[in-house]
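Step one of this worksheet: look at the structure below.
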Amino acid sequence: MCICINCQYVDRCSTYYAVEAQHLQPHLTESPDFEATEPSINVNIRQDGDVIEMEWDVVGCESFLAEPGKWSRLRPGELLPT
Ligand code: SF4
C-alpha cells in the first residue's frame, strides 16, 4: 500500500498525482504544487490471461510527513486506494 495515504502532502504532491493517474483514480487536486524529494516507487506487474495490470506504490520518500488517515479524511466513506 502507498505510504502517501498517510502523508500530509497527499493532496498537493505531484508524485501522488502521477500515482493516481496510473491507477485511473480521480485526483485529489488538479494542480499539485509540491515536489517530493526522492520518492521510491514500487511497480507490481500482474498478468491475468491477456490482461496486464500495473500497480504503483510509493514505498519510501524523503518528504514523507506523517498525518495518519489524511487520505480518508479527504474522501470520507471511500475505500482506500490499493
Ligand atoms: S509520501 Fe512523498 S510522494 Fe507520497 S504524498 Fe508524501 S511527499 Fe508525496
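List of remarks:
- Qualifying residue in segment 9-19 (condition: touching a Lys or Arg at 6+ places or on another chain (Cβ under 6 Å) and crowded, with 17+ Cβ neighbours inside 10 Å): yes
- Candidates are the residues of segment 30-82 that are out of contact with any strand residue (DSSP E or B) (no Cβ under 7 Å at 6 or more places or on another chain) and assigned to a helix (DSSP H, G or I); the one that is surrounded by the fewest Cβ atoms within 10 Å (Cβ to Cβ) is 73.
One line per residue, one yes/no per condition, for (1) at positive phi; (2) more than 12 Å from the ligand (Cβ to nearest atom); (3) of a type in the set (Lys, Arg); (4) out of contact with any Ser or Thr (no Cβ under 7 Å at 6 or more places or on another chain):
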site: 39; (1), (2), (3), (4): no, no, no, no
site: 44; (1), (2), (3), (4): no, yes, no, yes
site: 48; (1), (2), (3), (4): no, yes, no, yes
site: 51; (1), (2), (3), (4): no, yes, no, yes
site: 60; (1), (2), (3), (4): no, no, no, no
site: 67; (1), (2), (3), (4): no, no, no, yes
site: 73; (1), (2), (3), (4): no, yes, yes, yes
site: 76; (1), (2), (3), (4): no, yes, no, yes
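- Here residue 35 passes the criteria (1) more than 18 Å from residue 1 (Cβ to Cβ); (2) more than 9 Å from the ligand (Cβ to nearest atom) except the one numbered (2).
- Residues of segment 1-30 that are of a type in the set (Asp, Glu) and within 10 Å of the ligand (Cβ to nearest atom): 11 alone.
Only the coordinates and a few stated rules stand behind these numbers; no lab work does. Bear in mind that the values here come from a model prediction, so they are computed numbers and not experimental data. Cβ atoms come from the backbone with ideal geometry, glycine included; neighbour counts cover every protein chain shown.
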